[in-house]
Structures are given as C-alpha cells and as structure tokens.
1. Please find the FRET efficiency linking LYS92 to ASN33, where r is the Cβ-Cβ separation and R0 is fixed at 22 Å, and quote it to the nearest 0.05.
2. Compare the peptides 128-135, 143-150 by average per-residue count of other Cβ atoms within 10 angstrom and give them in order, highest first.
3. Where does each of ARG68, ARG95 land when they are ranked from fewest to most other beta-carbon atoms within 10 angstrom?
4. Take the residue pairs LYS138/LYS169; LYS76/LYS97; LYS76/LYS140 and return only those whose Cα atoms are more than 26 Å apart.
5. Please give the direction-averaged projected area of the C-alpha convex hull for segment 83-158, in square nanometres with one decimal.
6. Could you run the Debye sum over the Cα atoms of segment 54-125, one equal point scatterer each and no solvent, and tell me log10 of I(q)/I(0) at q = 0.15, 0.18 Å⁻¹, two decimals?
7. Given 10 °C and 1.306 mPa s, how large is the Stokes-Einstein diffusion coefficient of segment 33-182 in µm²/s, with Rh as the Kirkwood radius over Cα pairs?
8. Local charge sum around TYR156 (other residues, Cβ-Cβ under 9 Å, Lys/Arg +1, Asp/Glu -1)?
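Every number in this text was worked out from the coordinates using simple rules, so none of it is lab data. Since the model is a prediction, treat every value here as computed from it, not as a measurement. Cβ coordinates were reconstructed from backbone atoms using ideal geometry, including for glycine residues, and neighbour counts include every protein chain displayed.
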Amino acid sequence: MPNRLMQTLRLVTTWSLLLLIMMAGCDIPESWNPPYWPTPQSQVELMLELAQVTPNDIVYDLGSGDGRIVIAAASKYGARGVGIEIESKLVKASRQKAIEAGVSNRVLFVEQDMFEADISEATVVTLYLWENVNARLKPKLMEQLKPDTRIVTNTYKIPGWTPVKQIGKLYLYSLSLKSKTEGTSSSKN
Ligand SMILES: C[S@@+](CC[C@H](N)C(=O)[O-])C[C@H]1O[C@@H](n2cnc3c(N)ncnc32)[C@H](O)[C@@H]1O
C-alpha cells in the first residue's frame with residue numbers, strides 16, 4: 001500500500017480512537033504520544049508573537065511535527081531554533097523545509113523522544129501536546145529551563161500553572177527566578 005495512504009489510515013484510526021475515548025469520558029492513556037496535527041500557520045505566528053520572539057532567542061518546539069514553528073521562528077523573527085520530534089519522516093521533512101526556507105544554518109531537527117532531550121539552552125519553548133503530556137513535562141521544564149524562559153502552549157494548558165497571557169487558545173507561561181530556587185512558580189497556582 002502506498003506510504004501516504006498508510007499514513008492517512010494511521011491518522012484516521014488514531015483520531016477515531018481518541019474521539020471514542022473522549023466520548024466515553026475516559027482519560028487518554030499516559031503512554032500514548034500525541035499524533036501529528038500541525039498548528040495552522042496563522043497560529044504559528046501568533047504563538048511566536050505571544051512569546052515576543054527576537055533574534056536573541058533559541059526556540060525549542062517539543063514534538064516539532066513538520067518543523068513549521070522552528071522554521072518560522074528563524075525565517076520571520078531571526079531566532080535560532082531546535083525541533084525535537086519522535087517521527088523520523090517528520091524530522092526528514094523538517095530538514096528539507098528548513099533548506100527550502102534558507103534557514104538550515106539556524107535550525108536543528110533532532111529525532112528524539114522529548115522526555116530524553118536536553119532543552120536547557122531554550123529561551124522559548126512551544127508545545128502543542130495534550131494536557132496530560134504537558135503535566136508529565138512539568139518536572140523537566142522546571143529542572144532544565146532558565147528562570148526567564150517563556151513557554152507557549154497551543155490549545156492545551158499546563159495543568160496547575162496560570163498563564164500570564166492568553167490569546168484565544170494560545171497560552172503564555174513564564175518561569176520565574178522564584179520557581180527555580182523555591183520549587184514554586186509565579187505562573188503556578
Ligand atoms: C500535535 S503535533 C504538533 C506539531 C508541531 N509542534 C506543530 O505545532 O505544528 C504533536 C507532535 O509531537 C510529536 N510527538 C509526540 N510524542 C513525542 C515524543 N515523546 N517526543 C517527541 N515528539 C513527540 C508527534 O509525532 C507530533 O508530530
């Protein structure tokens with residue numbers, strides 16, 4: 001069966017299963033990885049604007065899909081960026097798109113499980129993942145990120161943290177110095 005058809009079938013099956021789970025009022029199993037579902041391009045720019053990305057930033061997208069957020073951060077805002085993505089095909093596609101956009105010298109795409117990645121150099125982190133995955137990422141964000149790092153999530157919040165700003169379903173979080181020293185965050189309830 002052609003690859004593209006297989007991919008579409010896999011996506012349809014995954015999303016149908018998810019829909020059934022949600023309709024049954026059950027939680028998504030913890031071990032599941034969120035499937036590929038790209039942020040619309042207009043929202044990509046809003047996410048980067050919400051984080052006030054500048055050429056001084058290093059933008060990490062955890063679960064970077066086809067690389068659009070990292071590529072836009074480099075091509076439109078002059079930032080550097082790193083995409084961490086578990087699906088090999090998406091990593092390859094991202095690298096190709098970066099070459100086409102003329103930003104391959106400022107972005108890096110790594111095929112890796114985001115829970116294993118070193119994200120300590122990030123100044124901005126973007127997330128379009130499920131809420132239970134954001135919850136599982138919290139200890140990593142707290143431990144590895146610098147105090148003034150901005151985190152922008154699409155659609156799904158970081159449970160227990162209060163966004164400092166919101167545009168529609170995009171949420172901006174800020175880790176404070178306090179969060180690093182005392183284990184609490186100004187953006188945390
Ligand atoms: C909803 S898509 C978001 C893609 C991209 N961030 C965007 O906003 O367009 C989630 C992505 O996370 C990837 N992903 C899921 N679990 C992952 C993991 N544990 N490590 C790295 N990537 C993961 C999926 O393969 C998928 O491409």
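1. Details: r = 18 Å, r/R0 = 0.82.
The calculated FRET efficiency here is 0.75.
2. Numbers: 128-135: 19.1, 143-150: 16.0.
With the highest mean Cβ count within 10 Å placed first, the list reads 128-135, 143-150.
3. Working: ARG68 20, ARG95 17.
Ascending Cβ contact count within 10 Å gives the list ARG95, ARG68.
4. On the way: LYS138/LYS169 19 Å; LYS76/LYS97 14 Å; LYS76/LYS140 28 Å.
Table pairs above 26 Å Cα-Cα are LYS76/LYS140.
5. Numbers: hull surface 21.6 nm².
The Cα convex hull of segment 83-158, projected and averaged over all directions, gives 5.4 nm².
6. Summing over Cα pairs of segment 54-125 leads to -0.39, -0.56.
7. Working: Rh = 15.0 Å.
For these conditions, the coefficient is 106 µm²/s.
8. Values: positive: LYS157, LYS169; negative: GLU131.
For residues surrounding TYR156, the net value is +1.
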